Amino acid sequence: MTERAQTAPGRRTLLGAAVLGTAALGLSGTANAAGPGGRSGRHGSYRDLPVPTVIGHRGASGYRPEHTLGSYQLALDMGAHIVEQDLVPTKDGHLVCRHENDITGTTDVADHPEFASRRTTKQVDGVSLTGWFTEDFTLAELKTLRAKERIPGTRQENTLYDGRWQIPTFEEVLRWADEQGRERGEPVWLYVETKHPSYFRGLGLGLEEPLARLLRRHGRHRADSPLILQSFEPSSVQRLAKLVSTPRVVLLSGPKERPWDFVEAGDPRTVADLVKPAGLTWIASFAQGIGPTLDLVVPKDAAGRLTTPTALVADAHARGLVLHPYTLRNENSFLPADFRRGTDPNAYGDAFGALRTYFEAGIDGIFSDNPDTALLAAADFAQD
Ligand code: G3P
Ligand code: CA
């Protein structure tokens, strides 16, 4: 097995895991004395994950409707090192897996006449949205809906699976991960994001406390638990740090943007401030990593082609932070201009070339809708 020196302090690289999956390696290369299932005991540090770590973004959302058990299962079966969940609450305080609280685009709610009157317009993080929202439904009501493909025009094949799965609760995902862990003989890693945490706290539906309770119940509240927490709002990450010891990542969007909790608190800092050395030092005081956009790592020029990497990798690593940028998708429409192939925006471009370029920049992992592709690219990178 090849090992590659990493700039991140304490990182251990297990290259080759990308192809074999963590099962073939014995997860993390550390003893798992408590046995599989993620319920208790040692599971190995996030620092021992294979590098580059491949994170199945919303599962394997390039192939299945996102945030369904079908999407999560496929990501795991493909060998993804971690499977991602985004969390929003129901009216009665349950955490469910959706990228947005507006479920218009990812469920069949519009086909349910009994819910027609729930359609409404809201301001969410300063943005006006019209649709149906999870916080207006009980869990029992949400469970009558079925998930569907978010971008059917781009991913027509995924519509084959429309209606097959419900919206999963996070508790169901934890149970699924525990069961899969027991079957596979190693823990299943999850990567869990709090969505719009300030907005929901304002509604009396704070996310962090119920999330922490579930993590404790499933033994994923420790520093060596097989789970990473993430949020675009640093205050959510700080709140979680007080509740559990699970590793934490601050997500970073466009450089001109401000996290919504900063907007509400009158904090003038932008993402551009947070990626400067002082900002990264501040993040490192309560988090173990950052999840920047890929553009913050390798910016694009005016034509959309990749340019020279920024200093973000080195600056973050110097502060002990891992970098897990988002999101690599195989379709031309999502790839940098220099890696597109042909003129069909929905056709696959040179995702391998793009992944190689990002890996060469020194990132520790990547969120991808196509974890199989990212795993092969990681294996290619390891062999060079
Ligand atoms: O959490 C990493 C990445 O998923 C952030 O973007 O909008 O897909 O949640 P988003
Ligand atoms: Ca996410």
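Sort 186-192, 85-91 by packing, meaning the average of other beta carbons within 10 Å per residue, with the highest value first.
186-192, 85-91
Label positions at Arg119 and Arg269, each projected 7 Å from the Cα along the C-beta direction, are separated by 4.2 nm.
Using the membrane-span-like helix rule (whole DSSP H runs, Cα extent along the own axis of at least 15 Å, mean Kyte-Doolittle hydropathy at least -1.0), which helices of the chain qualify? Don't jump to the answer; show the numbers that get you there.
Details: long enough: 170-184 (20 Å, -1.55); 371-383 (18 Å, 0.51).
Counting only whole DSSP H runs, the qualifying helices are 371-383.
Legend: P(r) of the chain from all alpha carbon pair distances, 20 Å bins from 0, whole percents, reading 29, 62, 9. Rolling a 1.4 Å probe across the protein heavy atoms gives the chain an accessible surface of 38 Å² per residue. Normalising the average separation of contacting C-alpha pairs (under 8 angstrom, six or more residues apart) by the number of residues puts the relative contact order of segment 40-146 at 21 percent. Overall, the chain carries a charge dipole of about 780 debye about its Cα centre when +1 sits on the Cβ of Lys and Arg and -1 on the Cβ of Asp and Glu, all other atoms neutral.
Packing order of peptides 301-314, 368-381, highest average first: 368-381, 301-314 (average count of other Cβ atoms within 10 Å over each peptide's residues). Taking every C-alpha pair closer than 8 Å and separated by at least 6 residues, the mean separation divided by the residue count of the chain gives a relative contact order of 19 percent. Segment 47-67 and segment 201-246 have their alpha-carbon centroids 20 Å apart.
Considering helices alone, the calculated mean residue ellipticity of the chain at 222 nm is -8000 deg cm²/dmol, with DSSP H runs of length four and up weighted by -39500 (n - 2.57) and normalised per residue. Spatial offset of segment 301-336 relative to segment 360-384 amounts to 13 Å, using the alpha carbon center of each. When Glu264, Glu84 are compared by accessible surface with a 1.4 Å probe, the order from highest to lowest is Glu264, Glu84. As a rough guide to protection, the peptides 118-125, 216-223 ranked by mean Cβ packing within 10 Å, highest first, stand as 216-223, 118-125. For segment 106-253, just say rounded, prolate or oblate: build the C-alpha gyration tensor, square-root its eigenvalues into a ≥ b ≥ c, call rounded for a/c under 1.5, and beyond that prolate if a/b exceeds b/c, oblate if not. Oblate, because a/c is 1.5 or more while a/b does not exceed b/c.
Here segment 219-317 exposes an accessible surface that is 56 percent carbon and sulfur, computed with a 1.4 Å probe and the other protein chains kept in place.
Would you mind telling me the antiparallel percentage of the DSSP bridges in the chain, rounded to 5? Counting only bridges with both partners in the chain, antiparallel ones make up about 30 percent. Ile283 exposes around 0 Å² of accessible area when a 1.4 Å probe is run over every protein chain in place.
The values are calculated or read from the model by the stated rules, or taken from the named source; none is laboratory data. On a predicted model such as this, the values are computed, not experimentally measured, just so you know. All Cβ positions, even for glycine, are placed from backbone atoms using ideal geometry, and neighbour counts span all protein chains on display. For accessibility, only protein heavy atoms count, side chains too; no ligands or nucleic acids. Shrake-Rupley method; radii C 1.70, N 1.55, O 1.52, S 1.80 Å.
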